[in-house]
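For reference, the structure is listed below as structure tokens.
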Amino acid sequence: MTRFRTRTFSKIIFSIAFFAGIWFALSGWVSKPKASPPNVVLFFIDDMGYGDLSCNGAAGYTTANLDRMAAEGTRFTSFLAAQAVCSASRAALLTGCYPNRLGISGAFGPNSPIGLNPDEETIAELLKEKGYATGIFGKWHLGSQKAFLPQQQGFDEYFGVPYSHDMWPLHPNQTKANYPPLYLIEGNTPGKEVKTLEDASQLTPAITERAVGFIRKHKKEPFFLYVPHPLPHVPLAASSRFRGKSGAGLLGDVMLELDWSVGQILQELKQQGLDKNTIVIFTSDNGPWLNYGNHAGSAGGFREGKGTSFEGGHRVPCIIRWPGVVPAGRVCNKLLTTMDILPTLSKLTGARLPKKPIDGVDLVALLKGDDTVNPRDHFYYYYRQNSLEAVRKGDWKLVFPHPGRTYEGFLPGVDGKPGPSTENHDFPQALYNLRRDPGERYDVREQNPDIVAVLEKLAEEARADLGDDLQKRTGSNVRPAGRVEK
């Protein structure tokens, strides 16, 4: 009888424990909070060449934080800026469009009546709609009129310079350019004037301090932090903490300070417990301004630099880090562009895409490690007002006859003074295989007429869509830039 009671009691205890376990499991499942959307930190460095990071081969200094970021994330080796010049490149990054689709080209000067059209939707606007706090600390360069400033384009907070910091009274050609005083902007209001190189040396530390503060302020809500550093665009300036520290000249000092800035922001993410729920993207707006010589960066062996449609102008560093999501220590050689960041972030955050058509493609599957996918098929190299200078598909690139900038054959400048270059070199038509010839030296058109035909067909599609000044063609799907009366 005792044995029977013991068995019955054991069964009752087991049953209670069993059903209690189910209840707790279901309770936990029902009440388990939804995963919070990822934070986004986007670095966009000015005039940094492909070869300016030590993980990409830079010599004479070490970008330790960026090297670590590459080891903890994925490094992309065929990542292109949408156009090899400031304003156009930034418009493409924030809207996911070829800049000439938006009526934007070149680099806007101070008080330009042109800017990014407020009707275009930026990454900041899309993420703000999803409840993100949005901040930009650095260089804007999408219009300095109030109607075009960041707080009119989806950003809650803005601190930085409205355009390149060489557009100031100390410019070497000031007698011709007649640049006005350069002011830091806080929100929509001009603040402290940047008068000297010593003032310019405080840009990187001030921007870093603001970015770190933004993380602390918004650590309990999703945020989009955009950090478009003005340096290493000339004139170069490093703070006293880094001046003379690299042993590789002023450019090396500036690179060490930018690397420090990235490290400070990554460290803050970890300290706030946000590291594993933040996607960090590091890239550049275009290649190096080579005629500045020892004050210019490195194109990493690619041809030409800023202001050209060769790889040295368009191919930029790109590292993406998101622990547990983006594979660590990986190198990806697929063709990608800055325009692809917007649709990728939209998918990762659950934000919608812009209402108007864009040119970027979703990289999420590739980003997460699926190397069987090829999200981007081709790319158009536009420059000047609206000239289609080249087209690429896979590893094949067809360059069209065009006048353009070349640095070759000219002695570069020294210590901040630019050397000469020409904007009207006659480039002939040529076909390059970028896998075998990344320096774009050997024209193989005659050996590959079928490839030429495929690329010519793609070019015709671009001309119908976006136009081509070289052929005096007007595109059918070009939208107007923003404009205000002077």
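The values are calculated or read from the model by the stated rules, or taken from the named source; none is laboratory data. These figures come from a predicted structure and were not determined experimentally. Backbone-built Cβ (ideal geometry, glycine too); neighbour counts: all protein chains shown. These accessible areas exclude ligands, DNA and RNA; they are computed on the full protein's heavy atoms, side chains included. Shrake-Rupley method; radii C 1.70, N 1.55, O 1.52, S 1.80 Å.
Key figures
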read-out: Candidate set from segment 362-383 (those that are free of Cβ contacts under 8 Å to residues at least 12 places away in the same chain and of a type outside the set (D, E, K, R)); member that is nearest to Ala459 (Cα to Cα); value: Val373
read-out: Long-range neighbours under 9 Å by Cβ, at least six apart or interchain, first residue within 13 Å of Val161 (Cβ to Cβ) within segment 186-205, second among the β-branched types (Val, Ile, Thr) and crowded, with 16+ Cβ neighbours inside 10 Å; value: Gly191/Ile185; Val194/Val161; Ala200/Val194; Gln202/Val194; Leu203/Val161; Leu203/Val194; Thr204/Val254
read-out: Residue check, Gly252 in contact with a Ser or Thr (Cβ under 7 Å, 6 or more places away or on another chain) and either touching a residue at least 12 places away in the same chain (Cβ under 8 Å) or in a loop (DSSP other than H, G, I, E, B) (or both); value: yes
read-out: Filter result for Thr283 (open to solvent by less than 10 Å² (accessible area, probe 1.4 Å) and in contact with a Cys (Cβ under 6 Å, 6 or more places away or on another chain)); value: yes
read-out: Given (1) out of contact with any Lys or Arg (no Cβ under 9 Å at 6 or more places or on another chain); (2) surrounded by fewer than 19 Cβ atoms within 10 Å (Cβ to Cβ); (3) not basic (Lys, Arg), index of the condition Leu258 fails; value: (2)
read-out: Members of segment 199-241 found to be among the aliphatic types (A, V, I, L, M), touching a strand residue (DSSP E or B) at 6+ places or on another chain (Cβ under 8 Å) and within 30 Å of Ala35 (Cβ to Cβ), listed by number; value: Ala211, Ile215, Leu225, Val227
read-out: Options Lys192, Lys219, Lys245: the member that is open to solvent by 50 Å² or more (accessible area, probe 1.4 Å), modelled with pLDDT of 95 or more and either outside the structural domain of Trp168 (by the TED database) or within 20 Å of Ile123 (Cα to Cα) (or both); value: Lys219
read-out: Pick from segment 396-426, criterion open to solvent by less than 40 Å² (accessible area, probe 1.4 Å) and assigned to a loop (DSSP other than H, G, I, E, B), ranking: farthest from Lys472 (Cα to Cα); value: Gly416
read-out: Boolean, Asp359 is assigned to a loop (DSSP other than H, G, I, E, B) and buried (at least 16 other Cβ atoms within 10 Å of the Cβ); value: yes
read-out: Qualifying positions in segment 137-183 - on the phi > 0 side of the Ramachandran plot and either in a strand (DSSP E or B) or surrounded by fewer than 24 Cβ atoms within 10 Å (Cβ to Cβ) (or both); value: Gly138, Gly154, Gly160, Asn178
